[in-house]
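Trainee: Before anything else, here's the structure in question.
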Amino acid sequence: MQNTALLTVENLCVEIPTRRGILKPVDDVSLQIAPGEILGVVGESGAGKSMTGNAVIGLLDPPAHISGGQVLLNGKRVDNLPREQMRRVRGKQIGMVFQDPLTSLNPLLPIGDQLVETIQEHLPVSQREARDRAVAALDEVGIPAASSRIDSYPHEFSGGMRQRVVIALALCAEPDLVIADEPTTALDVSVQAQIISLLKKLCRERGTGVMLVTHDMGVIAEASDRVAVMYAGRLAEIGPVRQVLTDPQHPYTAGLMGSTPGASLGRRRLNQIPGTMPGLNAVPDGCAYHPRCPRAEAKCRAEPRPPVSGSASCWFPGEVKI
Amino acid sequence: MLAYIIQRVFQSIVVLLLVGLVAFSMFRFVGDPIDNMLGQERTGADIARLRTQLGLDQPFPVQYYKFLSNAVQGNFGVSYRQGRPVSQIIAERAPATLELAAVSAVLAISFGVVLGVFTAIRRNGVAANLIMSASLIGVSLPTFLIGILLIYLFAVELGWLPSFGRGDVVDLGWWSTGFLTASGLKALILPAITLALFQMTLIMRLVRSEMLEVLRQDYIRFARARGLRDRSIYFRHALKNTMVPVITVVGLQLGAIIAFAIITETVFQWPGVGLLFINAIQFVDIPVMAAYLMLISVMFVGINLLVDILYYFIDPRLRVDRTAAAK
């Protein structure tokens with residue numbers, strides 16, 4: 001596994017120094033993605049999912065910074081690369097799709113210019129060839145009449161079409177890994193499934209690994225091979241998607257599944273997880289989930305925090321059912 | 001596009017008509033021109049004759065119409081003080097002001113944009129912070145004080161540059177230029193800097209804050225995530241997006257440069273229309289004042305029209321929205 005993994009994140013920590021102390025939005029997270037594999041990353045808002053993605057691609061906004069652990073891409077460390085070398089990795093080896101297609105395209109440049117610029121930045125091709133590739137890329141993501149629409153401006157496309165353009169942009173230099181940060185959250189429900197299946201299809205064809213960050217369990221179930229559940233900056237559970245969704249080991253995963261409509265069979269009231277996720281300035285000792293956990297004991301409240309045993313970071317894995 | 005421009009031109013004409021009304025009102029309400037033109041030794045017959053001769057016995061709308069139709073043809077009457085046609089006086093003075101304003105505008109815009117981008121990119125750098133602090137001086141010092149300080153330093157203490165006047169000019173027939181002589185160029189430096197400094201700091205601070213705003217946008221993050229070079233991100237993606245608000249303000253400031261030229265021209269005794277205007281006020285030379293007012297308003301309106309058209313070329317979204325709205 002170590003040698004074949006496309007992306008290896010080991011004990012990654014991200015810190016944000018503030019006046020009231022150091023916040024840890026990502027705390028000791030380890031995960032791997034194999035070539036062509038889609039890893040879903042789920043959790044509530046503020047659980048550190050996006051922050052993990054940004055740390056991998058080296059786009060943390062200062063003062064946030066990686067304070068520990070390492071990120072390996074194809075076996076090479078990328079978290080400590082100099083600025084200029086990391087720039088070459090972005091786009092060429094790691095692509096990224098953002099949440100809101102309405103704001104992630106430059107409104108003043110035709111989409112073709114944005115594609116050609118990105119292609120020429122990373123691949124040694126002529127202007128004309130770059131343009132041909134741009135048309136092909138748009139065609140591939142399902143923009144109808146790509147060759148005539150290449151000179152259109154972003155505002156001339158609908159939200160779903162713009163997200164297709166964003167995907168074309170993220171994939172146009174043929175990266176090995178794509179980080180998709182909530183790629184469907186801002187879209188109509190009817191378009192969401194199309195975008196997810198498009199992303200899935202393109203990555204399957206090219207053997208591109210995907211880190212799919214989302215809070216939508218339906219998207220995870222639909223698209224990913226494996227899933228990582230995050231809570232308060234930590235990894236709660238990681239494993240194959242079928243196993244995690246049907247037989248969750250961590251009580252938090254079980255709680256999430258119980259509160260997702262349609263994830264479990266039968267008509268019943270949705271369960272709520274009592275309370276809210278702690279703020280980053282007040283993460284409790286021991287297991288971060290213990291104040292909300294139905295199974296918590298004294299052991300859970302004390303340090304050290306539970307190690308990852310099997311697939312879950314819990315002292316009592318599998319004891320809480322959906 | 002065409003409908004939009006026609007609409008804007010129409011609005012501009014309305015503005016100019018209103019300014020013309022104000023300019024014309026000065027003739028009636030700022031003293032009686034008959035008093036100014038005839039001396040103490042006048043008779044009732046003199047007054048009546050001059051009144052008829054100047055058309056002042058006609059009703060207000062008729063007079064206003066005559067004033068406008070003359071003004072459109074470039075005829076603003078005769079200066080009370082110099083006894084020459086106002087249009088001729090202004091034509092003599094305008095090149096001095098326009099050359100000064102043009103050099104100041106180029107200085108203000110080029111340095112303002114470059115420094116604005118620099119201070120935004122190196123937000124936490126020492127140099128950027130120094131420039132920002134120094135710009136506070138530029139914003140807060142009044143123009144005449146900057147002029148006097150520059151004169152004191154470069155003309156009085158160092159003796160490098162002349163303290164007043166325009167130097168030697170070359171007469172091209174319809175235009176007299178100071179660009180072609182060494183003394184003309186030397187004389188231009190201090191007034192141009194004086195006039196440009198405030199505008200430059202203003203443009204710089206505006207470009208900086210707009211840049212910082214744009215650099216936070218998602219499309220800049222996405223551009224970074226695609227591994228584009230900093231140069232492309234800053235100048236191709238970010239700077240262009242700051243241009244709409246910047247051009248709006250720059251357009252207004254170009255008008256202000258010509259208007260502020262009054263102060264700079266007074267400090268440096270620069271023989272332009274601003275100085276002419278100040279002298280005209282002292283002698284209640286109303287035809288000159290009215291003509292100056294009209295001239296400045298034509299420039300303001302013209303520049304604003306140009307700015308509105310420029311939006312079109314910068315922002316593709318306006319092209320669609322406005323034409324759809326115009327239909």
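Trainee: Scan B:Leu150, B:Leu172, B:Leu190, B:Leu145 and give me the residue that is within 18 Å of B:Trp270 (Cβ to Cβ) and without any contact (Cβ under 8 Å) to a residue 12 or more places away in the chain.
Mentor: B:Leu145
Trainee: Right, next: Condition (residue is outside any helix (DSSP H, G or I) and within 32 Å of the chain's Cα centre (by Cα)) applied to segment B:52-60: is it met by at least one residue?
Mentor: no
Trainee: Can B:Pro271 be described as away from chain A (no Cβ under 14 Å) and in contact with a strand residue (DSSP E or B) (Cβ under 9 Å, 6 or more places away or on another chain)?
Mentor: no
Trainee: Mind listing whichever residues of segment A:99-113 are open to solvent by less than 10 Å² (accessible area, probe 1.4 Å) and more than 8 Å from every other protein chain (Cβ to nearest Cβ)?
Mentor: Hits for segment A:99-113 are A:Pro101, A:Ile111, A:Gly112.
Trainee: Also: Within segment A:127-143, which residues are closer than 26 Å to B:Arg319 by Cβ and open to solvent by 80 Å² or more (accessible area, probe 1.4 Å)?
Mentor: Within segment A:127-143, A:Gln127, A:Arg131 qualify.
Trainee: Within segment B:230-243, can you find the residues that are of a type in the set (Ser, Thr, Tyr), over 28 Å from the mean Cα position of the chain (by Cα) and within 11 Å of chain A (Cβ to nearest Cβ)?
Mentor: B:Ser232
Trainee: For segment B:209-229: of the residues being more than 8 Å from chain A (Cβ to nearest Cβ) and open to solvent by 40 Å² or more (accessible area, probe 1.4 Å), which is nearest to A:Gln120 (Cα to Cα)?
Mentor: B:Arg216
Trainee: From A:Ser152, A:Ser126, which residue is closer than 24 Å to A:Ile94 by Cα, of a type in the set (S, T, N, Q) and either more than 14 Å from every other protein chain (Cβ to nearest Cβ) or without any contact (Cβ under 8 Å) to a residue 60 or more places away in the chain (or both)?
Mentor: A:Ser126
Trainee: Now for a separate question. Considering only segment B:282-301, I want to know if a residue exists there that is open to solvent by 50 Å² or more (accessible area, probe 1.4 Å), out of contact with any helix residue (DSSP H, G or I) (no Cβ under 9 Å at 6 or more places or on another chain) and modelled with pLDDT of 80 or more.
Mentor: Scanning segment B:282-301 turns up at least one residue that is open to solvent by 50 Å² or more (accessible area, probe 1.4 Å), out of contact with any helix residue (DSSP H, G or I) (no Cβ under 9 Å at 6 or more places or on another chain) and modelled with pLDDT of 80 or more.
Trainee: Hey, among B:Leu107, B:Leu100, which residue is open to solvent by 50 Å² or more (accessible area, probe 1.4 Å) and of a type outside the set (D, E, K, R)?
Mentor: The match here is B:Leu107.
Trainee: Filter segment B:127-158 down to residues that are open to solvent by less than 60 Å² (accessible area, probe 1.4 Å), part of a helix (DSSP H, G or I) and within 25 Å of B:Ala261 (Cβ to Cβ), then give me how many there are.
Mentor: 11
Trainee: Failed condition for A:Thr185, given (1) in contact (Cβ under 8 Å) with a residue 60 or more places away in the chain; (2) surrounded by 15 or more Cβ atoms within 10 Å (Cβ to Cβ), with all others met?
Mentor: (2)
Trainee: If you check A:Arg88 against the conditions, is it more than 7 Å from every other protein chain (Cβ to nearest Cβ), of a type in the set (Lys, Arg), assigned to a helix (DSSP H, G or I) and farther than 16 Å from A:Leu169 by Cβ?
Mentor: For A:Arg88, the condition - more than 7 Å from every other protein chain (Cβ to nearest Cβ), of a type in the set (Lys, Arg), assigned to a helix (DSSP H, G or I) and farther than 16 Å from A:Leu169 by Cβ - is not met.
Trainee: Among the residues of segment B:220-263, what is the count of those that are under 22 Å from A:Ile119 (Cα atoms), in a helix (DSSP H, G or I) and small (Gly, Ala, Ser)?
Mentor: 4
Trainee: Within segment B:49-62, is even one residue touching a strand residue (DSSP E or B) at 6+ places or on another chain (Cβ under 9 Å), at pLDDT 80 or above and open to solvent by 60 Å² or more (accessible area, probe 1.4 Å)?
Mentor: No: segment B:49-62 contains no residue that is touching a strand residue (DSSP E or B) at 6+ places or on another chain (Cβ under 9 Å), at pLDDT 80 or above and open to solvent by 60 Å² or more (accessible area, probe 1.4 Å).
Trainee: Still on this structure, I have one more. Are any of the residues in segment A:51-72 open to solvent by less than 10 Å² (accessible area, probe 1.4 Å), closer than 22 Å to A:Val210 by Cα and facing chain B (nearest Cβ under 9 Å)?
Mentor: Yes, that holds for at least one residue.
Trainee: Could you identify the single residue in A:Thr253, A:Thr260 that is crowded, with 17+ Cβ neighbours inside 10 Å, part of a helix (DSSP H, G or I) and under 25 Å from the mean Cα position of the chain (by Cα)?
Mentor: After ruling out the rest, the residue left standing is A:Thr253.
Trainee: Which condition does A:Gln99 not pass, out of (1) more than 17 Å from A:His155 (Cβ to Cβ); (2) polar (S, T, N, Q); (3) assigned to a helix (DSSP H, G or I), if it passes all the others?
Mentor: Tallying (1) more than 17 Å from A:His155 (Cβ to Cβ); (2) polar (S, T, N, Q); (3) assigned to a helix (DSSP H, G or I), A:Gln99 fails exactly one: (3).
Trainee: Can I ask one more? Which ranges mark the helices (runs of 4 or more DSSP H) fully within segment A:119-186 that have 2 or more residues being under 30 Å from A:Val71 (Cβ atoms) and under 23 Å from the mean Cα position of the chain (by Cα)?
Mentor: A:127-140, A:159-171
Trainee: Considering only segment B:230-249, state which residues are open to solvent by 20 Å² or more (accessible area, probe 1.4 Å) and more than 19 Å from A:Val166 (Cβ to Cβ).
Mentor: Listed by number, the residues that qualify are B:Asp230, B:Arg231, B:Tyr234, B:Phe235, B:Leu239, B:Lys240, B:Met243, B:Val244, B:Pro245, B:Ile247, B:Thr248, B:Val249.
Trainee: Another one. Regarding A:Ser259, is this residue modelled with pLDDT under 80 and farther than 22 Å from A:Gly46 by Cα?
Mentor: For A:Ser259, the condition - modelled with pLDDT under 80 and farther than 22 Å from A:Gly46 by Cα - is not met.
Trainee: Got at least one residue in segment B:307-322 being among the charged types (D, E, K, R), within 14 Å of another protein chain (Cβ to nearest Cβ), under 30 Å from A:Leu123 (Cβ atoms) and surrounded by fewer than 17 Cβ atoms within 10 Å (Cβ to Cβ)?
Mentor: So far as segment B:307-322 goes, no, none of its residues is among the charged types (D, E, K, R), within 14 Å of another protein chain (Cβ to nearest Cβ), under 30 Å from A:Leu123 (Cβ atoms) and surrounded by fewer than 17 Cβ atoms within 10 Å (Cβ to Cβ).
Trainee: Checking B:Tyr4 against (1) assigned to a helix (DSSP H, G or I); (2) in contact (Cβ under 8 Å) with a residue 12 or more places away in the chain; (3) open to solvent by 60 Å² or more (accessible area, probe 1.4 Å), which single condition isn't satisfied?
Mentor: Here B:Tyr4 meets the rest and fails (3).
Trainee: Of the numbered conditions (1) in contact with a strand residue (DSSP E or B) (Cβ under 8 Å, 6 or more places away or on another chain); (2) among the aliphatic types (A, V, I, L, M); (3) more than 28 Å from A:Arg88 (Cα to Cα), A:Ala173 satisfies every one except a single condition; which is it?
Mentor: (3)
Trainee: Of the residues that make up segment B:216-237, is at least one in contact (Cβ under 8 Å) with a residue 60 or more places away in the chain and of a type in the set (Val, Ile, Thr)?
Mentor: no
Trainee: Can you tell me which of A:Gly239, A:Gly275 is of a type outside the set (D, E, K, R), over 20 Å from A:Trp315 (Cα atoms) and not in a helix (DSSP H, G or I)?
Mentor: Within the list A:Gly239, A:Gly275, the selection yields A:Gly275.
Trainee: Something else now. Residue by residue through segment B:102-117, note down the ones that are small (Gly, Ala, Ser) and under 13 Å from B:Phe198 (Cα atoms).
Mentor: Once the filter is applied, which keeps residues that are small (Gly, Ala, Ser) and under 13 Å from B:Phe198 (Cα atoms), segment B:102-117 yields B:Ser104, B:Ala105, B:Ala108, B:Gly112.
The values are calculated or read from the model by the stated rules, or taken from the named source; none is laboratory data. Quick caveat: nothing in here was measured; it's all calculated off a predicted structure. Ideal geometry is used to build each Cβ from the backbone, glycine not excepted, and the neighbour counts take in all protein chains shown. For accessibility, only protein heavy atoms count, side chains too; no ligands or nucleic acids. Shrake-Rupley method; radii C 1.70, N 1.55, O 1.52, S 1.80 Å.
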